[in-house]
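The values are calculated or read from the model by the stated rules, or taken from the named source; none is laboratory data. This is a predicted model, so every value here is computed, not measured. All Cβ positions, glycine included, derive from the backbone under ideal geometry; neighbour counts span all protein chains shown. With ligands, DNA and RNA removed, areas are computed over all heavy atoms of the protein, side chains included. Shrake-Rupley method; radii C 1.70, N 1.55, O 1.52, S 1.80 Å.
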Amino acid sequence: MTPDPNESLRADSKLGPAVDAVGPLRVEPAEDFFARFVVSILRQQVSMESAAATRERLFDAIEVTPEGVLDADDEILRDAGLSRQKTGYVNNVARAFVENGYSRAYFEGMDDDAVRAELTSITGVGAWTADMQLLFSLGRPDVFPVGDLGIRKGMARLFDDLAVEDRAAMRDRAERWAPYRSYASLYLWRGVEGDDVDG
C-alpha cells in the first residue's frame, strides 16, 4: 500500500498541527503545463495581486499556447502588463516549448535535478521558476523551493531558531519531510504562512 504523504507529515511534531488544521492536500500535475509556466513567469518578483491582474489581461488578449505567444505582437503582451523583460522571458519559454517539444511526457523520465538544469537553461527561468514547474506543473512530490520567501517565512515561524535568510539550514531541516517535501511546502504556504497555494 502506498504511504499517504499527508499522514506521514501529520506525524511530524512541527508540521503535524498544520496538517490537522488545513486537512489533506494533493500535489498533482497542472492541466496545462505551458499556461502554468507562463503564470510562474508573471509571478516573478511581484505581488500575487499584481500577477493575477496581469494574468487576467494576458489570458483575455491572446491564446496562451506556445504558438499563440510567438504569434502575438510584443506590444500586446506589454499592454497586458508584462514588462519588456518578462515579455522576452515568456517568448523564450514559448520558443523552448516549440523547439524542444516540451510536455509532461518529455520530462517524465528525468529526475528533478535534470529538469531544473534543462529549464534554467532558458533565459528568464531561474531556480524558483524551475521549482514551481516541478511542483505545480509536473506534480513532483519532493520539491522544497527554498528560494520562495513564503517558504522561508513559514520555516522561520515553524522553527524559531531559523533566520529567514538561512537557506542552507532550512534545506537541512526540511530533510525530515523527504520524500514528501512538496506536500510540506504546501502546508508551509497555507497552514503556516496563510498564503494561497498556487506558486
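Assorted remarks:
- The sole residue among R173, R140, R152, R181 that is modelled with pLDDT under 95 and on the phi < 0 side of the Ramachandran plot is R152.
- Of the set (1) in contact with a Ser or Thr (Cβ under 6 Å, 6 or more places away or on another chain); (2) open to solvent by 20 Å² or more (accessible area, probe 1.4 Å), all apply to M48 but (1).
- Long-range neighbours under 8 Å by Cβ, at least six apart or interchain, first residue over 18 Å from Y106 (Cβ atoms) within segment 27-46, second modelled with pLDDT under 95 and in a helix (DSSP H, G or I): V39/A51; L42/A51; R43/A51
- Taking the conditions (1) modelled with pLDDT under 95; (2) in a helix (DSSP H, G or I); (3) loosely packed, with under 15 Cβ neighbours inside 10 Å in turn, D60 satisfies each one other than (1).
- Criterion: part of a helix (DSSP H, G or I), open to solvent by 40 Å² or more (accessible area, probe 1.4 Å), within 23 Å of T65 (Cα to Cα) and in contact with a helix residue (DSSP H, G or I) (Cβ under 9 Å, 6 or more places away or on another chain) - qualifying residue of R157, R116: R116
- Residues (among the small types (G, A, S) and in contact (Cβ under 8 Å) with a residue 40 or more places away in the chain) located in segment 148-164: G150
- Within segment 56-72, the set of residues being without any contact (Cβ under 8 Å) to a residue 24 or more places away in the chain and more than 25 Å from G101 (Cβ to Cβ) comprises E56, D60, A61.
- Scope segment 124-147; condition among the aromatic types (F, W, Y), touching a residue at least 60 places away in the same chain (Cβ under 8 Å) and farther than 13 Å from Q45 by Cβ; matching residues: F136
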